[in-house]
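The values are calculated or read from the model by the stated rules, or taken from the named source; none is laboratory data. In this text the structure is predicted, and so the values were computed from the model without any measurement. Virtual Cβ from ideal backbone geometry, glycine too; neighbours counted across all protein chains shown.
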């Protein structure tokens with residue numbers, strides 16, 4: 001693993017720095033929005049703006065890269081994002097924040113496309129799984145670390161926004177100085193939602209609902225904490241717990257994914273998420289119970305995303321996987337746009353603890369639909385499924401296509417082994433939190 005990382009560590013360092021800045025700004029929106037007196041509904045619109053921009057960036061960045069190249073696009077998007085972060089405390093109006101969030105979402109999506117293209121180009125067929133796993137770990141650690149940085153300043157001032165902007169600005173140094181030019185990014189035309197639903201109903205519906213869950217957790221979690229009176233440090237810890245759980249649960253869920261009916265695992269993970277949300281709701285704001293709820297509810301969200309991707313790929317031919325990756329990103333993006341809006345409306349009418357009600361109801365819907373699908377189609381034997389690779393919900397179609405290709409190759413290697421098992425070294429990069 002050390003040998004693999006030696007060639008891509010500047011890229012990974014840059015990603016960590018970017019996620020430190022981006023993770024800070026996500027939580028800062030809720031903190032500063034509460035200070036400015038923004039309502040839950042207004043902050044929900046601001047939150048959805050990010051995912052609207054993110055979805056647009058995934059569509060248009062490959063076109064921009066083909067026209068002017070990776071370096072120019074990467075540098076330009078980084079500059080706009082850094083400027084946008086500084087502008088938040090200067091324009092404290094919901095409409096202005098919504099525009100800035102759309103801009104930052106577009107920039108982050110484009111940054112992911114460019115960075116993931118470089119990483120994919122730097123990897124070989126033998127190392128791609130390890131590189132993608134390291135990339136996902138770098139992102140998660142950056143988000144968690146960002147919450148610690150929030151305790152170093154006051155959200156009522158411009159200091160933390162400036163700090164986030166600085167982190168994003170310096171992140172491009174190691175990336176641009178080390179990355180080599182790559183061929184123009186080619187992202188397959190996204191598969192239509194109708195075709196995707198016909199091929200994998202559970203994957204399509206599940207990804208859509210999970211988009212709502214992820215955007216609500218990452219975007220409205222700080223709003224919830226602010227409205228129930230948590231301190232800035234407590235809110236930062238609450239958000240960190242949402243992502244820390246993913247590091248813990250990714251490995252065991254990934255291990256089970258390759259050994260049992262994935263629909264049953266999806267059902268079980270969704271039920272655990274719903275129970276965790278119910279705990280957060282009924283305990284009425286007790287700090288310990290809130291952290292436990294966040295740990296488990298957030299902990300199953302990222303593994304569920306990877307599960308849905310793996311399950312969808314099980315239903316597709318290898319040549320259809322690239323197009324399906326784009327379709328899944330689009331479907332997830334729609335859910336991510338609508339989820340915070342529904343949550344903000346519910347919190348506005350029912351109070352801040354509607355945050356848990358909406359999350360719990362969405363997890364329950366995933367579980368019920370998985371249960372229904374188990375009655376409609378026979379299970380796929382585990383030895384015929386694609387290999388699981390932990391992919392974060394923030395991944396662009398580039399990473400999803402690379403992960404799908406790796407999973408198909410890995411599964412084929414395992415199936416072709418004389419004794420039916422993986423060849424030496426195969427499967428060791430399936431789980432990004434395995435410590436390898």
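Does residue 265 satisfy being modelled with pLDDT of 90 or more and assigned to a loop (DSSP other than H, G, I, E, B)? Judged against the criteria, residue 265 is not a match.
Which ones in region 302-361 are within 30 Å of residue 228 (Cβ to Cβ) and not in a helix (DSSP H, G or I)?
The answer is 351, 352, 353.
Annotation note: Cβ proximity below 9 Å between a residue of region 83-111 that is at positive phi and in contact (Cβ under 8 Å) with a residue 40 or more places away in the chain and a residue that is surrounded by fewer than 23 Cβ atoms within 10 Å (Cβ to Cβ) and part of a helix (DSSP H, G or I) (sequence gap 6+ or interchain) occurs for no pair. Here residue 157 meets each of (1) more than 24 Å from residue 52 (Cβ to Cβ); (2) in contact (Cβ under 8 Å) with a residue 24 or more places away in the chain; (3) surrounded by 15 or more Cβ atoms within 10 Å (Cβ to Cβ) with one exception, condition (3).
Surrounded by fewer than 16 Cβ atoms within 10 Å (Cβ to Cβ), part of a helix (DSSP H, G or I) and either touching a strand residue (DSSP E or B) at 6+ places or on another chain (Cβ under 9 Å) or at pLDDT below 95 (or both): is that true of residue 204 in this structure?
Details: surrounded by fewer than 16 Cβ atoms within 10 Å (Cβ to Cβ): no; part of a helix (DSSP H, G or I): yes; either touching a strand residue (DSSP E or B) at 6+ places or on another chain (Cβ under 9 Å) or at pLDDT below 95 (or both): yes.
It is false that residue 204 is surrounded by fewer than 16 Cβ atoms within 10 Å (Cβ to Cβ), part of a helix (DSSP H, G or I) and either touching a strand residue (DSSP E or B) at 6+ places or on another chain (Cβ under 9 Å) or at pLDDT below 95 (or both).
Within region 62-82, track down each residue that is without any contact (Cβ under 8 Å) to a residue 24 or more places away in the chain and buried (at least 23 other Cβ atoms within 10 Å of the Cβ). None - no residue of region 62-82 is without any contact (Cβ under 8 Å) to a residue 24 or more places away in the chain and buried (at least 23 other Cβ atoms within 10 Å of the Cβ), so the list stays empty. For region 292-314, the criterion of being surrounded by fewer than 23 Cβ atoms within 10 Å (Cβ to Cβ) and farther than 17 Å from residue 217 by Cα is met by at least one residue.
Would you point out which residue out of 123, 164 is within 23 Å of residue 221 (Cα to Cα) and under 22 Å from the mean Cα position of the chain (by Cα)? Give the steps one after another, and end with the answer.
Values: 123 fails: within 23 Å of residue 221 (Cα to Cα).
Being within 23 Å of residue 221 (Cα to Cα) and under 22 Å from the mean Cα position of the chain (by Cα) holds for just one of 123, 164, which is 164.
Inspect all residues belonging to region 283-291 and state whether any of them is buried (at least 24 other Cβ atoms within 10 Å of the Cβ) and touching a residue at least 60 places away in the same chain (Cβ under 8 Å). Within region 283-291 (the criterion being buried (at least 24 other Cβ atoms within 10 Å of the Cβ) and touching a residue at least 60 places away in the same chain (Cβ under 8 Å)), the answer is no, since none of the residues qualifies.
From the list 234, 250, exactly one residue is part of a helix (DSSP H, G or I) and modelled with pLDDT under 90. Which is it? Talk me through it step by step, then tell me what you get.
Values: 234 fails: modelled with pLDDT under 90.
Among 234, 250, only 250 is part of a helix (DSSP H, G or I) and modelled with pLDDT under 90.
What number of residues within region 248-257 are in contact (Cβ under 8 Å) with a residue 60 or more places away in the chain and buried (at least 21 other Cβ atoms within 10 Å of the Cβ)? Within region 248-257, residues that are in contact (Cβ under 8 Å) with a residue 60 or more places away in the chain and buried (at least 21 other Cβ atoms within 10 Å of the Cβ) number 3. Of all the listed residues (86, 111), the sole one being at pLDDT 80 or above and crowded, with 24+ Cβ neighbours inside 10 Å is 111. Taken over region 258-273, residues that are farther than 15 Å from residue 304 by Cβ and either without any contact (Cβ under 8 Å) to a residue 24 or more places away in the chain or under 19 Å from the mean Cα position of the chain (by Cα) (or both) amount to 0. In this structure, residue 324 does not qualify as at pLDDT 95 or above and either within 30 Å of residue 39 (Cβ to Cβ) or buried (at least 24 other Cβ atoms within 10 Å of the Cβ) (or both). Filtering region 341-364 to residues that are at positive phi and either in contact with a strand residue (DSSP E or B) (Cβ under 7 Å, 6 or more places away or on another chain) or buried (at least 19 other Cβ atoms within 10 Å of the Cβ) (or both) leaves nothing.
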